[in-house]
1. Cα gyration tensor of region 13-96, axes a ≥ b ≥ c as square roots of the eigenvalues: rounded (a/c below 1.5), prolate (a/b > b/c) or oblate?
2. Taking every alpha carbon pair in the chain, what does the distance histogram look like in 10 angstrom bins from 0, in percent?
3. GNM on the chain, C-alpha springs below 10 Å: top fluctuator among Pro268, Pro88, Pro183?
4. Just need the relative contact order of region 111-214 here, percent rounded to a whole number, with Cα pairs under 8 Å and 6+ apart.
5. Using θ = phi - 60° and the Karplus curve 6.51 cos²θ - 1.76 cosθ + 1.60, what whole-Hz ³J(HN,Hα) does each residue of region 262-268 get, with Gly and Pro shown as x?
6. Using helices alone, what [θ] at 222 nm do you get for the chain, with -39,500 (n - 2.57) per DSSP H run of 4 or more residues, divided over all residues and rounded to the nearest 500?
7. Per residue of region 132-147, what does 6.51 cos²θ - 1.76 cosθ + 1.60 with θ = phi - 60° give for ³J(HN,Hα)? Whole Hz please, x for Gly and Pro, Karplus curve as stated.
8. Round to a whole angstrom and tell me the spacing of the C-alpha centers of region 183-247 and region 45-101.
Amino acid sequence: MKKTCLVTGCAGFIGSHLTRTLLDQGHAVVGVDNFASGYAHNMKGFADHADFTFYERSITEEGLLAELKDKHPELDVVFQLAAVVSVPYSVEHPELTMQVNFEANRDMLDAAREMGFSRFVFAGSAAEYGNEDRLPVKEEYADGAEQLSPYGVAKYKSSSYIEKSGYGCALRFFNIFGPRQDPTSQYSGVISRFVDFGLAGKNMVIFGDGEQSRDFLYVSDVVTSYMIAAGLDEQGRGPLTGVFNVGTGKGRSIRELAVVVAELTSAPKEIDFKSERAGDIKHSRADVSRITAVGFKAEVAFDEGLSRTVKWAAESQS
């Protein structure tokens with residue numbers, strides 16, 4: 001059954017990929033973005049699509065969902081991706097981060113449930129676990145964890161609220177990468193930064209000693225998890241209720257990553273090390289048993305995803 005979906009943050013890295021997939025599969029999309037971290041050019045491939053309607057709005061606006069539902073009575077699914085995305089920015093602006101990353105999510109969830117939306121899917125984060133040393137990280141470890149930034153605190157409060165409500169789904173994503181990830185943003189993914197350095201012939205820059213590790217997930221697998229969560233998966237997996245980690249279950253050190261990207265881009269092998277950033281976690285690797293139990297599995301191998309990302313970045317610079 002084709003649905004009409006709201007995608008907040010539709011001009012962002014992940015939101016634009018999700019919107020494109022929804023449209024390609026025959027769904028209609030109402031997109032919302034205030035361009036705080038998204039870009040109009042990310043919507044280039046679908047901005048004029050007959051089934052896409054865009055609003056330059058903020059999710060903090062009171063009554064936004066009700067207004068959109070009034071304009072689009074067929075709206076039935078919410079993908080809530082809009083957020084303050086930078087950990088360093090959240091440290092500098094804790095009140096704004098709480099307003100956007102928790103209060104607006106809470107209000108939108110309550111409104112969606114009251115208006116009878118069939119699905120509500122929220123973009124959670126591995127930052128909800130803080131500097132957790134029990135690996136792989138299980139969903140329940142976030143309860144009682146000490147988050148290291150306002151970003152992590154607000155995301156956890158949102159995921160916890162969803163879980164306790166019994167309505168909607170929170171997907172706790174680990175480190176996402178792929179085409180359209182902005183290497184110039186304040187807290188872009190480390191892979192996009194490394195690729196940008198490499199293609200420019202610059203040394204890789206690592207904050208910390210490089211031994212920190214991450215669970216890297218390619219963006220198309222992220223989109224698949226969203227479709228499953230909303231019950232829109234073409235293989236019939238889902239829908240989901242509650243909190244689910246989304247990752248590969250495998251870790252890779254940042255130092256190792258820098259070496260591989262340097263080889264792929266013919267960049268200098270020397271690495272510049274800088275001071276560790278406030279709010280960063282040391283190790284992160286997901287326990288994915290809960291989401292794999294419903295049929296999800298990361299399909300794009302790390303090397304393949306990295307190759308695609310480097311190719312896209314090189315072409316976008318030419």
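Laboratory data are not the source of any read-out in this text; all were calculated from the coordinates shown. Since we're looking at a predicted model, the values are computed, not measured. When we count neighbours, we look across all protein chains shown, and the Cβ atoms used for this are built from the backbone with ideal geometry, even at glycine.
1. Working: a/c = 2.34, a/b = 1.42, b/c = 1.65.
Judged from the Cα gyration tensor, region 13-96 comes out oblate (a/c at least 1.5, b/c at or above a/b).
2. Going out from 0 Å in 10 Å bins, the chain shows 6, 28, 37, 23, 6, 0 percent.
3. In the Gaussian network model the winner is Pro268.
4. 25
5. Once θ is set to phi - 60°, the couplings for region 262-268 become 4, 5, 5, 10, 6, 7, x Hz.
6. Numbers: 11 runs with 112 residues, N = 318.
Using -39500 (n - 2.57) per qualifying helix, the result is -10500 deg cm²/dmol.
7. 3J(HN,Hα) across region 132-147, in whole Hz: 6, 9, 8, 10, x, 7, 8, 3, 6, 5, 5, 6, x, 6, 9, 5.
8. Answer, in whole Å: 20.
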